[in-house]
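Each remark here refers to the structure printed beneath this line.
The values are calculated or read from the model by the stated rules, or taken from the named source; none is laboratory data. This structure is a prediction, so every number in the text was calculated from the model and none was measured. Here Cβ is always computed from backbone atoms with ideal geometry, including for glycine, and neighbour counts include all displayed protein chains.
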Amino acid sequence: MTATLVPLADGSITSPQGFTAAAAAAGLKKDGAPDVALLVSATSCATAGVFTRNAVRAAPVVYDQDLLSERPGRIRAVAMNARVANACTGPEGLAAARAMAQAAEQAAGLPARTALVLSTGVIGVPLPLAQVTAGLQEAGGRLSPAGGTEAARAIMTTDTRPKHCAVRVDTAAGAFTVGGIAKGAGMIHPNLATLLAVLTTDAGGDAASLAPLLRRVADRTFNAISVDGDTSTNDTVLLLANGASGLDPFHDGALAKAFEEAVLQVARTLALGIVEDGEGATKLVEIQVTGGATEGAAREVGRAIARSALVKTAVYGADPNWGRVLAAAGSAGVALSADKLTLSAQADGDDWVVLAQGGATAHPDEAKARAIFRQKRLRLRLDLGMGRAEAVVWTCDLSPEYVRINADYTS
């Protein structure tokens, strides 16, 4: 079956049929901006989630994992707040996450145990439950199909802009839509997910089908970005499918492929938005790793390069210090042969410049190499010479502004 993906202008989590959202200012942000959001589906959703592998898990992560293991096909809402992560808050934090879910259910008139919760912000601070509850009540009274972009703004912390998008998939059998929002600018080096992202669709399906799809998509998008090498306590990506379009893509192989491509496109757009908005970032770097023995090995090499402070500061300083890239690749824990490594660099619209070959300098034209590293967007391609697998990872540079933002984050 032929399928066409159509990006939707100003798309978000409420672009798919049957989803509404709203945001409210609960006083968590000092500037009075919206800081609480509520997403609601008109019907129950099959839901899948991927969560942080950090051993220190925030209370919302614990709550959501437990609820999804119990009721993966009965979710109706997601309640979100910024500025307070509700992490490292002990039994009281878990009780607060439970109470936050109950407040969302009451605000939207939903049955018990149908709302998930997401929190982001400062670790170790108790959730101000009274304020969050009041904000959710206000949001529950203003739910709208146009509220998705509002929700994207409400969950911003150090983000400088909201992340949201949607695509419609047109087929001979009809159309369905996939939308999403995300937040994140720092503490980004995901291991299974990245900070907060919610994906929605009016396509049908069940949690057993959605879960492996979401893991595949996360590996190629949210798990393929890095800002600073830190994995958050709150990393969560959710995918909710309410079936309002009447189409179940999992009943047709070609349709299932189109559905996964749509979810992948939305997730990639959100993930790249996070990297481009990295705290203090001035440049976006795409790292292509080719010639891997396996895709997983190629991705691990890319992630090692992406989290290297030495590579990232060299990019900031427009210094084509190729030795740092090879050294970072060698630290990935993947079997490599230095004499098989070839590293090239490229800026948009320009030719590739080979920086190193056979694990040694390729004597590149220094002026051309520096010109590439001065660009706002550049690519690095490392051929491992070990096989045919490949992976792509994205990162940003590391600037003095990153230090300034994080030096006084709690104050």
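All of (1) farther than 30 Å from residue 158 by Cα; (2) among the aromatic types (Phe, Trp, Tyr); (3) at pLDDT below 95 hold for residue 409 with one exception: (1). If you go through the range 329-348 one residue at a time, do you hit one that is in contact with a strand residue (DSSP E or B) (Cβ under 6 Å, 6 or more places away or on another chain), hydrophobic (A, V, I, L, M, F, W, C), in contact (Cβ under 8 Å) with a residue 24 or more places away in the chain and surrounded by fewer than 19 Cβ atoms within 10 Å (Cβ to Cβ)? Yes, the range 329-348 contains a residue that is in contact with a strand residue (DSSP E or B) (Cβ under 6 Å, 6 or more places away or on another chain), hydrophobic (A, V, I, L, M, F, W, C), in contact (Cβ under 8 Å) with a residue 24 or more places away in the chain and surrounded by fewer than 19 Cβ atoms within 10 Å (Cβ to Cβ). Evaluate the following for residue 154: is it at pLDDT 95 or above, closer than 23 Å to residue 233 by Cβ and among the small types (Gly, Ala, Ser)? Taking the combined requirement at face value, the residue satisfies it.
If you take the residues of the range 74-112 that are more than 23 Å from the chain's Cα centre (by Cα) and within 15 Å of residue 41 (Cβ to Cβ), which of them is surrounded by the most Cβ atoms within 10 Å (Cβ to Cβ)? Looking at the filtered set, the residue picked out is 104. Restricting attention to the range 220-274, the residues that are at pLDDT 90 or above and aromatic (Phe, Trp, Tyr) add up to 2.
Okay, residues lined up against (1) touching a Phe, Trp or Tyr at 6+ places or on another chain (Cβ under 7 Å); (2) in a helix (DSSP H, G or I); (3) under 22 Å from residue 54 (Cβ atoms):
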position	(1), (2), (3)
247	yes, no, no
300	no, yes, yes
304	no, yes, yes
310	no, yes, no
314	no, yes, no
325	no, yes, no
339	no, yes, no
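Of the residues that sit in the range 265-302 and are surrounded by fewer than 19 Cβ atoms within 10 Å (Cβ to Cβ) and of a type in the set (A, V, I, L, M), which one is farthest from the chain's Cα centre (by Cα)? Out of the qualifying residues, it is 293. May I ask you to verify whether residue 392 is in a helix (DSSP H, G or I) and either at positive phi or of a type in the set (A, V, I, L, M, F, W, C) (or both)? No; evaluated as a whole, the condition is false for this residue. Residue check: residue 269 meets all listed conditions (1) within 19 Å of residue 346 (Cα to Cα); (2) not in a loop (DSSP other than H, G, I, E, B) but one, namely (1). For the range 355-388, the tally of residues that are under 30 Å from residue 277 (Cβ atoms), part of a strand (DSSP E or B) and of a type in the set (A, V, I, L, M) stands at 4.
In summary, residue 48 fulfils each of the numbered conditions (1) surrounded by fewer than 15 Cβ atoms within 10 Å (Cβ to Cβ); (2) in a strand (DSSP E or B) with the single exception of condition (1).
For the residues 272, 247, 240, the requirement of being over 20 Å from residue 219 (Cα atoms) and either in the same structural domain as residue 178 (by TED's automatic domain parsing) or not aromatic (Phe, Trp, Tyr) (or both) singles out 247.
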